[in-house]
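In what follows, a single structure is set out as structure tokens and then discussed.
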Amino acid sequence: MDNTIYRQMNWHNSPSKHQTTIMGSCAVGGLCDEKSQDLFDLELHTAAEYKLPDERSSLLIPSNDIAWDFGHYHTIYIDAILSSSQYISAFYKTDSSYRSIECVPNHGRALAFFIPEDSAFENYTVKKNGVQLEDSQEFLDGTKKWIMTPFPIDQSQSRSRLSGGAIAGIVIACLVLIVFMAVIMKCLKRHEERQNQHDEEDPLSESLL
């Protein structure tokens with residue numbers, strides 16, 4: 001056990017219901033469906049010192065000062081499917097380790113991890129299926145600056161993985177095309193037969209030849 005905190009939920013009106021999940025390193029293999037999911041693994045260590053707005057030191061860091069998101073992103077906004085509030089409801093402890101592990105979709109729109117540039121963390125790592133992601137870049141959401149770590153999707157798997165509805169749609173489209181081509185061919189053949197019959201019955205056309 002290394003005292004890593006996985007979840008801490010505080011209930012303001014019921015202190016007896018406070019919940020804290022502390023675990024050490026654990027095996028993550030077999031948690032996700034490999035065909036449709038990837039493993040998102042965040043490890044974060046908070047700052048050793050935190051100062052309140054009035055410059056007093058505090059052993060607790062308000063959760064909104066380390067408010068990360070994980071999800072889809074667009075040009076100017078983030079569409080989160082995971083967020084820090086799901087794991088830490090009120091405060092982080094200074095100089096402490098936190099970890100979040102979730103199975104996430106491995107197809108569809110691009111995913112990324114986002115954390116405000118001015119968050120009170122010492123360091124953090126984002127892993128995909130146990131492999132640390134190194135590519136971080138700035139992302140501007142309105143006037144707020146984030147550090148974005150892309151969570152790449154295997155495009156080859158995404159393209160090869162079609163839903164039942166998509167496959168049915170392709171089959172139907174192919175059948176319609178085949179029927180359409182057959183009707184066109186039949187019409188052309190009939191037209192050609194009628195033209196030949198007309199030429200045979202028209203003596204004027206023979207005399208002109």
Note to self: Under the rule a/c < 1.5 gives rounded, and otherwise a/b versus b/c splits prolate from oblate, where does segment 35-113 land using the Cα gyration tensor?
What the structure shows: prolate
Check: Under a point spin-label approximation (7 Å from Cα along Cα-to-Cβ), what is the Leu140-Arg56 distance to one decimal in nm?
Finding: 3.8 nm
Margin query: Suppose each label sits 7 Å from its Cα in the direction of the beta carbon; what would the Gln132-Arg109 distance come out to in nanometres?
Written below: 3.0 nm
Checklist line | Partner lysines for Lys93 [C-alpha distance under 25 Å; skip if fewer than 8 residues away on the same chain] | finding: Lys17, Lys51, Lys127, Lys144, Lys145
Next item on the list: Search the structure for amide H atoms under 5 Å from the amide H of Ala90, placed 1.01 Å from N in the peptide plane, and list their residues when 5 or more places away or on another chain.
Entry: Asn10
Checklist line | In segment 49-91, the chymotrypsin sites (Phe, Trp or Tyr not before Pro) that fall in loop regions by DSSP, at most 12 other Cβ within 10 Å | finding: Tyr77
Margin query: On a full-extension model of 0.36 nm per residue, what is the gain between Val183 and Thr125, subtracting their alpha-carbon distance, rounded to one decimal in nm?
Written below: 14.8 nm
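Bear in mind these aren't lab numbers, they're just calculated from the coordinates by the rules spelled out. No experiment lies behind these values; they were computed from the predicted model shown. So basically every Cβ, Gly included, is an ideal-geometry build from the backbone, and we count neighbours across all protein chains shown.
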